[in-house]
Amino acid sequence: MANSAQARKRARQADTARAHNASLRSRLRTAVKAVRKAVSKGDKTFAQTVFRDSTSVIDSIADKKIIHKNKAARHKSRLSAAIKAMAD
């Protein structure tokens, strides 16, 4: 347990930051899941639209350093490949 006022404040700030980062991470997972769901439905134009929206979410979360930029690039690359592999 934190004994000094400074340590108590840092503990409070850490809890707030953790909760905020967790919500952003959840937003990322939801965005990725939305694209995968659109791909599984088979509608390529809808999947591309969802992918475009998800890309901005993925990039913004990488910019905030919640995930590494290479992980963001990997997600976008794999989702894009899944969409390209769909039949027209």
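The values are calculated or read from the model by the stated rules, or taken from the named source; none is laboratory data. All values reported here derive from a predicted model rather than from experimental measurement. Glycine gets a Cβ as well: all are built from the backbone with ideal geometry, and neighbour counts include every protein chain shown. Just so you know, the surface numbers come from the protein's heavy atoms only, side chains and all, with ligands and any DNA or RNA stripped out. Shrake-Rupley method; radii C 1.70, N 1.55, O 1.52, S 1.80 Å.
Rolling a 1.4 Å probe over the protein heavy atoms gives the range 31-83 an accessible area of 62 Å² per residue.
Surface composition of the range 26-77: carbon plus sulfur atoms contribute 52% of the solvent-accessible area (1.4 Å probe, protein chains only, all chains present).
Please find, in a Gaussian network model of the chain (springs between Cα atoms separated by less than 10 Å), the residue of Ala72, Ala47, Ala14 whose mean-square fluctuation is greatest. Residue with maximal mean-square fluctuation among Ala72, Ala47, Ala14: Ala14. Taking the longest Cα principal axis of the chain as reference, the axis of helix 44-63 is set at about 20 degrees. Modelled label positions at Lys33 and Ala14, each set 7 Å beyond Cα in the direction of Cβ, lie 2.9 nm from each other. Taking the C-alpha atoms only, the angle from helix 5-41 to the longest principal axis of the chain is near 10 degrees.
Using DSSP to call loops (not H, G, I, E or B), can you name the trypsin sites (Lys or Arg not before Pro) in the range 48-81 whose Cβ has at most 11 other Cβ atoms within 10 angstrom? Write out the running numbers ahead of the final one.
Values: sites: Arg52, Lys64, Lys65, Lys69, Lys71, Arg74, Lys76, Arg78; in loops: Lys64, Lys65.
Of the trypsin sites (Lys or Arg not before Pro), the ones in loops of the range 48-81 whose Cβ has at most 11 other Cβ atoms within 10 Å are Lys64, Lys65.
The range 55-88 and the range 9-33 have Cα centres lying 19 Å from one another. The charge dipole of the chain, taken about the Cα centre with unit charges on the Cβ atoms of Lys, Arg (+1) and Asp, Glu (-1), comes to about 380 debye, rounded to the nearest 20.
In degrees between 0 and 90, to the nearest 10, how far off the longest principal axis of the chain does helix 69-84 point, with axes built from Cα atoms? Orientation of helix 69-84: about 20 degrees from the principal axis. To the nearest 10 square angstrom, what accessible area does His68 show with a 1.4 Å probe? Solvent-accessible area, nearest 10 Å²: 110 Å².
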